[in-house]
1. Report the GluC sites (Glu not before Pro) located in segment 14-76 that are in a DSSP loop and have at most 14 other Cβ atoms inside 10 Å of their Cβ, or state none.
2. Neighbour counts of other C-beta atoms within 10 Å: give me THR110, THR96, THR18 arranged from fewest to most.
3. Which aspartates and glutamates, on any chain, are close to LYS98 with Cα under 16 Å apart, when same-chain ones fewer than 8 places away are left out?
Amino acid sequence: MEEFKIPTKVFSGNDSLTWLQNISNKKILMVCDAFLPGTPTLDRIKKNVEGKNEVTIFSDVKPDPPLENIMAGVEVFNKVQPNVVIGIGGGSAIDTGKLFGSLVKSSTSTPLICLSLYQRPVGLVLKSPNTVC
């Protein structure tokens, strides 16, 4: 039997995304649905981390992601070698981000940050390394 704990911090409110400005000198992999790049929502999220971090976006997320889709994301993960994964969206994008951590064997843990687009205002949920949302 395996056991794991999921310590969680939730930031909510109009300024909750500003917490992302605390992240610096990291390689960030943002995982989101295909419709999100180029939208004001993603631009608003990115502006909190761009400039002081290396940001890569994986937006080839499908509803109920098939294995091929997840493995394409794992290839991007392996290429980028992120220090932080940010899952943005609804369930499929966040689930895809979670799977990266469980499918990629790494000597270091990669924290997962989940941003729910369906919470108003957009909320931020922080998970400690090697945990899931």
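Here, each number is a calculation from the coordinates, and none is a lab measurement. Just so it is clear, the model here is predicted, and its values are computed rather than measured. Please note: Cβ atoms are built from the backbone with ideal geometry, for glycine as well, and neighbour counts cover all protein chains shown.
1. When the GluC sites (Glu not before Pro) of segment 14-76 are filtered for loop state and at most 14 Cβ neighbours within 10 Å, GLU50 remain.
2. THR18, THR110, THR96
3. Straight-distance partners of LYS98: ASP33, ASP60, ASP64, GLU68, GLU75.
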